[in-house]
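Nothing in this text is a laboratory measurement; each read-out follows from the coordinates by a stated rule. Predicted, not measured: the structure shown is a model, and the values here were computed from it. Backbone-built Cβ (ideal geometry, glycine too); neighbour counts: all protein chains shown.
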Amino acid sequence: MERSSLLQLIQEQLDPDNTGYIGVETFASLVHSHELPLDPAKLEMLFALAQSNDEGQICYQELVDLINSKRSSSFKRAIANGQRTLPQDVLLDEAGLGFYKRFVRYVAYEILPCEMDRRWYFYQHRPCPPPLFMATVTLTQIIVFLCYGARMNKWVLQTYHPEYMKSPLIYHPGHRARAWRFLTYMFMHVGLEQLGFNALLQLMIGVPLEMVHGILRISFLYLAGVLAGSLTVSITDMRAPLVGGSGGVYALCSAHMANVVMNWAGMRCPYKLLRMILALVCMSSEVGRAVWLRFSPPLPASGPQPSFMAHLAGAVVGISMGLTILRSYEENLHDQCGWWVMLLSYATFLAFAIFWNVFAYDLLGVQIPPPP
């Protein structure tokens, strides 16, 4: 039977009312009763696709794409590339796995809300390329911190040291023309406690996210949070400097937490409620510490202490743009309408922030503390 005739038969018998959806069980009966030449692997994939639908149906267009072997999603790519048949057992039932495969399975259940996606990610995952972005950023932050700590022999509250604030990496309102500082401040930290908090979250949350969603999405989300943090400080806390990668960290954490909340029923990470509460407590405590250091510094300082607004800006970026980025780990972003809305909103914010930094300081007569 020709493919066009097969599709016509399916639509006439299984979707006569043109609802756009077809029951998979009924479709399987049609295949067996008419001895249709459909690859068994494709039939298995239809059942996998139907698991995401409460009524056990699939979209007719998905069925057409699947039969035509179009490469428009992870499962359709599986059919086109290798005719892979996904196992029907729950992934957690897999036994005899090595350490790395168990870690990959942990990442799948930690990040993805759908069993269908977890299985596909588990079976198609390759260790190369590794999650280099988050590892590189974290390692660079540690090296920079150790270099400045050894040079000044100071490991806590480093921003109170005048030499530390002279670093060309720190954002300072008096050096706004040096545009690289709006990003490079993420390599500097107030002290060991801030570095430890950020590095821990980057490794525990950022690395699994990068393993699933790839370096481009996660690096974009992280850097968008970092840039939004410095620009927000330049608008709302115009006299304050800024250090730390909290803008990027909070973008990752808030995006992941929002994704967990939005897909609460499908998430299978253990103790998810307790972990959510602990994460909120830790993140809130870090913001509270940053507010305290900004307005009630424990030591005398020559100028304003680093702002806390980057934390809040990063969280906003994560909840808005990040939730769109993490919604589907395989779906192309350019196919999502929400992605373009978020990208346009972010671009508008960038344009406004640049305009503000160029003109507002002089127009408002802001008394900027002299740069160190």
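Quick notes on this structure:
- At full extension, residue 179 and residue 281 could sit 33.3 nm farther apart than now, given 0.36 nm per residue minus the alpha carbon distance.
- Contour minus Cα-Cα distance for residue 146 and residue 274 (0.36 nm per residue): 42.7 nm
- Around residue 255: net Lys/Arg minus Asp/Glu count, Cβ-Cβ under 15 Å: 0
- Those residues of region 313-355 whose amide nitrogen sits under 11 Å from the label point placed on residue 236, 7 Å along Cα→Cβ: 313-317
- Highest mean first, the peptides 306-317, 91-102 sorted by other C-beta atoms within 10 Å per residue fall in the order 306-317, 91-102.
- Alpha-carbon centroid distance for the pair region 136-161 / region 209-233, whole angstrom: 22
- Sequence-distant residues sharing a close amide H with residue 171 (under 5 Å, placed H): 185, 242
- Backbone geometry of region 221-230 corresponds, through the Karplus equation with coefficients 6.51, -1.76 and 1.60 at θ = phi - 60°, to 3J(HN,Hα) couplings of 5, 5, 5, 5, x, 5, 5, 4, x, 5 Hz, x marking Gly and Pro.
- Computed packing ranks the peptides 160-166, 208-214, 251-257 as 251-257, 208-214, 160-166, most packed first, by mean other Cβ atoms within 10 Å.
- A protection proxy built from the mean count of other Cβ atoms within 10 Å ranks the segments 270-281, 239-250, most packed first, as 239-250, 270-281.
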